[in-house]
1. Considering the range 154-169 alone, what residues qualify as being assigned to a loop (DSSP other than H, G, I, E, B) and either surrounded by 21 or more Cβ atoms within 10 Å (Cβ to Cβ) or in contact with a Lys or Arg (Cβ under 6 Å, 6 or more places away or on another chain) (or both)?
2. Do any residues in the range 583-600 that are surrounded by 16 or more Cβ atoms within 10 Å (Cβ to Cβ) have Cβ atoms under 7 Å from those of residues that are among the charged types (D, E, K, R) and in a loop (DSSP other than H, G, I, E, B), where the two are at least six apart or on different chains, and which pairs are they?
3. How many residues, within the range 646-693, are in contact with a His (Cβ under 9 Å, 6 or more places away or on another chain), farther than 30 Å from D103 by Cα, in a strand (DSSP E or B) and at pLDDT 90 or above?
4. In the range 468-512, which residues are surrounded by 23 or more Cβ atoms within 10 Å (Cβ to Cβ) and part of a strand (DSSP E or B)?
5. Test N357 against the criterion of being surrounded by 18 or more Cβ atoms within 10 Å (Cβ to Cβ) and in contact with a Pro (Cβ under 8 Å, 6 or more places away or on another chain), and give yes or no.
6. Are there any pairs, at least 6 apart or on different chains, whose C-beta atoms fall under 8 Å, with the first in the range 170-197 and not assigned by TED's automatic domain parsing to the domain that holds M152 and the second of a type outside the set (D, E), and if so, which?
Amino acid sequence: MKKYVLQSVGLTKPMAKHQLFLIMKITSVLLLVGCLHVSAASLSQTITLQSKNMPITDVFAAIEDQTGYMVLYNSQVVKFAKPVSMNVAHMELDDFLKLLVKDQSFSFDINEKTILVAKRGGNVVTGFSVVNVPVQQTEVKGKITDEKGQPMAGVTVTIKGTTKTVASNENGTYEIALSAPKDVLVFTMVGYKTVEKVASAGPMIDVVMVEELSNLDEVVVVGYGSQSRATVTGSIASVSNKEINTSTNGNVVNNLAGKLPGLRVTQRTGEPGDYATDFDIRGFGAPLIVVDGVPRSTFNRLDPAEIESISVLKDASAAVYGVKGGNGVILITTKRGGNGKTQFNLSSTFGATTPSNAPHTLDAYQYAVLTDESYLNAGNNNLPFSQEDIAKYKDGTLPSTDWYNLVVRKYSPVQQHNISASGSTDKVKYFLSLGYYGEQGMWKSGDLDAKRYNFRSNLTANLTKDLQAEVLLNGIIDSKNSPSETTYPIMQSLWRQIPTTSVFANDNPAYFNNTFDAAHPLAITNSDISGYDDRTTKTFNGSFALNYKIPAVQGLKLRALFAYDNDYGINKVWKKAFNVYNYDPITDAYTIAGTRNAPSNLTQAYSENTSTTAQLSMEYENTFNLNHHVKGLLLGEERKYNGTGFNGHREFSLDAVDQLYAGNSLNQSTTSSNIDPNVNEGLVGRLNYDYSGRYLLEGSFRYDGSSKFAEGHKWGFFPAVSAGWRISEEPFLKNKFGFVQNLKLRASYGKLGDDGSSTYQYLMGYNYPNSNYVFGNSLVNGLGFRGMSNQNLTWYTSTLINVGLDADLFNNKLHTEVDVFSKKRVGLLATRNLSLPGTVGAGLPQENLNSDQTLGLELTLSHSNKIGEVAYNISGNVSFTRTKNLYVERAASKNSYRNWRDNNAYRWNDNYFGLKVISQFTSMDEIKNSPIEDGNGNRNVLPGDLKYEDLNKDGIIDGDDWQNVGRNSHTPEINFGLTLNVQWKGFDINALFQGATNYTVSYLGSVALDGPLAWGGNGLDVFMDRWHKADLFDPNSAWIPGKYPSTRTKSGTTTSAEWNYQPSDFWLKDATYLRLKSLQIGYTFPANMFKSTDIIKSLRVYINGFDLFTWSGLNSLIDPEHTNDSYGNKYPTITSYNFGIDLTF
């Protein structure tokens, strides 16, 4: 058999005319065959390549294999080409070629389906001759798998030194024809080490691909584009889909805790469908959320299976987003289509949740003891419980009602499922995904549950060789069904109901026993009895984009995008009246003791929010004189927001029909809200330059406009600049320190604006409706004064500074990043401290007056290695952030002490002022000889009460003794995370430890969390650890020390021993904690188990848990992330246990 090949004949010899005609004919034939081949094979025009020192000819072969294009080149032109090291995924062919040649001595030109390579500045067409070469072909076959034995599709197999290339199929198998028995096969794949095998090893050569440790060539998403991590000059952190999906949780934000330095995530509740997780970047405030290039309100309801990656812009790199960009930006990129045949992926988990740290209430014996103790400590000997009663409660003769376990079940079911399809043809790439999440709450009634359905369709189509269209659609329907009572009254009732009270009056299930506020736990957790609260939210996100490459100008692209988002919500709250009863044993009669939700009533609310985003951009990228790489962006953007809301309410005489039309007209009400349209427009510019990948520079600006300000103040100019120096590329370091793969110093500076707190305060006029007036027998809406307007109100601005250092050492086995940052805000809104006479008739407007500054530090350290068959990665990060007030508009203090106490200017914003506790009193003698704190000569003070420092030495403890006693941060200042990944054969383990310190909470005034017996109700059993008499009924018995002061009577937030409940460091609790946030153990079955079928490609099973263990000094009271909002009456955080499968077919 004979084969025709092209061979260079030297560039200096002129070609004969017949020879040139022959070459043109052969070229035409080859181009035609190549085009037909591309059409038949359905290949794409994007490139996925991971290479390290790959010969340029192998790169050309990969291009031909993946795109169907033919690469024509003269061997003399590429003879001295630099080896290629890059890591790209699904990059456009034109962009890939520009990146490929930027450091080379040759350039390229694309003509139809042919890529012509030529020396820079030279002619494209050079001399070739045609020779006949006899070839003795042989073949090699084999299978390519990963370290777990799973088949790998898309691995490039090349004969070294040639352009002959094939790719492994979905089963991991390949077949390639050889030119000679001594040929060397080169196996390459993005993210994996290159493998070389000599063909003479045999007709069957199987290969195991090992993951590459380096991430320098990783492409990370940045504002309005992407960059190689090696050339990034900003502070950007990112996680991949694999790193996100290490646990099962309904809120994808919770899956990010501890994984990204600078991203602070605090889970405040575990209530299904609540999504109440606080998160910010470096303590800056609510960040901007951008999904697939479009700003959006949130991302917590996204299905984690459809997310490709998440990037966090933490410094001036966020400046291109303008409004809200000053708080940082979270960029979410969803998955796109794969290459080739359709591949289906099914992931499914089933599990159970349980409250992770719910407080326990007092039983009847404990309640009786503390109640009697509170009376005795108040000097009241008329005790509610006798000594005999207490003894009977203790031995169980008298019953004790456990209200909490009466309505709360230990485990609740949860499940999550996703099925997706991904693939491509020669023109279209597609990714389709359908997801479901369902979780039930902890009420035994089963009347708390949340469901969510996710749908996504991401399509990319090549309309022509230069024109590409993108259509990205996302739909979410999530619902939450719960009792009509919110969590606040339910939790309050569970902590408050008396354990000596039976569940039913006279133990008759037909009559609920009398309880506080008629909030009987069985009734208010049951929708059939007390009504329901049903919420449904429907979300649609859609975007359409066109990408066009300008053929006449290499590297120039245009992009147009339009996005439409709509959120529609409906909430129906049906409150049914029900009774609680008293039973009279004498008359054997039941009487109504109270009615809850009287009269029955229905509230229905509707809301709709829409937003549109329009973008038009031009991007240019090119390399000049081998080493000068330039990339520029110019973009115009307009965002419009609009919303509306409607609320209707009626009361009912009969609760047979739960519809508004069946209610009474009397006392009905309707309201509308959320009518607040606004527009933002911006012009964005960015220029990137790097010299040989060594010296890096980026400059950007955004010219932003907002409709919230008056003319002359609507527009703001916000510039940013960043620079980097890859010291590792300097010859003085590169040639002497081989263990240094990357050492980069970077810095950034930027100015950003924010209009979020401004609400059209420049407008003059009236508020309508504002007040109500009675005319005759009718109530009529009236006008209200707006107050003074401020025509000069404008953006408050943020100045961000960041300095960082990145290093990769010891063959990329060790990676570290260090960042120091500052954010200074000026022009924060405040009202000037002036007094106006009443005749003015209006208050002063807000002005841009105040300022503050946030400072911080971040550190990331990771190590990856493989020892034998065990591969592992350990990654840790820690971040610190704290905010200081600068200028604060305030009234002047009357004296130096009040200035010290009240002036928060130029102070940290988390200072906590109160009394400093020296100790707890141990004896009456000590009390008599101490400063007076009860206002009554310490006659009411008892051992165990708090002893304070008398700061001014006047013998009286009062407000003049307050001082700075700590930090009341409520949000951690120091956050940290540690991730461990281990792989051995088919087994994998992922463990995440996450925690925080410099973190304090105060539950003072929270009714239940600072002491028991509020309003005569029950309390938490932690308060049994208190100072008390050894014998409750012997006044002469000794005092037994405890953690809390001795029990007193309590009326809500006030107590008979109010001196113990002053703000002090005693109630300021250290909330430092460390969690085993998630643990996942999986096993991937060997691929040879499925040889008998072509259906299953891979199967993995796993178990995982979330919030498994917590180590904290607050464990005896409550979870450290539990908020003190709503007096602490919030749904507890949860622990989950799950079993799951991942199936590819």
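The values are calculated or read from the model by the stated rules, or taken from the named source; none is laboratory data. On a predicted model such as this, the values are computed, not experimentally measured, just so you know. Because the Cβ atoms are built from the backbone with ideal geometry, glycine has one as well, and the counts that use them run over all protein chains shown.
1. Matches in the range 154-169: V155, S168.
2. Note: pairs meeting the criteria are N597/K576; S600/K576; S600/D655.
3. Summing the residues that are in contact with a His (Cβ under 9 Å, 6 or more places away or on another chain), farther than 30 Å from D103 by Cα, in a strand (DSSP E or B) and at pLDDT 90 or above in the range 646-693 gives 1.
4. L472, N474, S482, P483, F512
5. Judged against the criteria, N357 is a match.
6. none
Okay, residues lined up against (1) farther than 27 Å from K823 by Cβ; (2) surrounded by fewer than 23 Cβ atoms within 10 Å (Cβ to Cβ); (3) out of contact with any Phe, Trp or Tyr (no Cβ under 7 Å at 6 or more places or on another chain):
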{"residue": "G225", "(1), (2), (3)": "no, yes, yes"}
{"residue": "N255", "(1), (2), (3)": "no, no, yes"}
{"residue": "L260", "(1), (2), (3)": "no, no, yes"}
{"residue": "A276", "(1), (2), (3)": "no, yes, yes"}
{"residue": "F279", "(1), (2), (3)": "no, yes, yes"}
{"residue": "V291", "(1), (2), (3)": "no, no, no"}
{"residue": "N300", "(1), (2), (3)": "no, yes, no"}
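A quick yes/no check of all residues on (1) among the hydrophobic types (A, V, I, L, M, F, W, C); (2) modelled with pLDDT under 95:
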| residue | (1), (2) |
| --- | --- |
| A519 | yes, no |
| I524 | yes, no |
| G531 | no, no |
| K538 | no, no |
| A552 | yes, yes |
| L561 | yes, no |
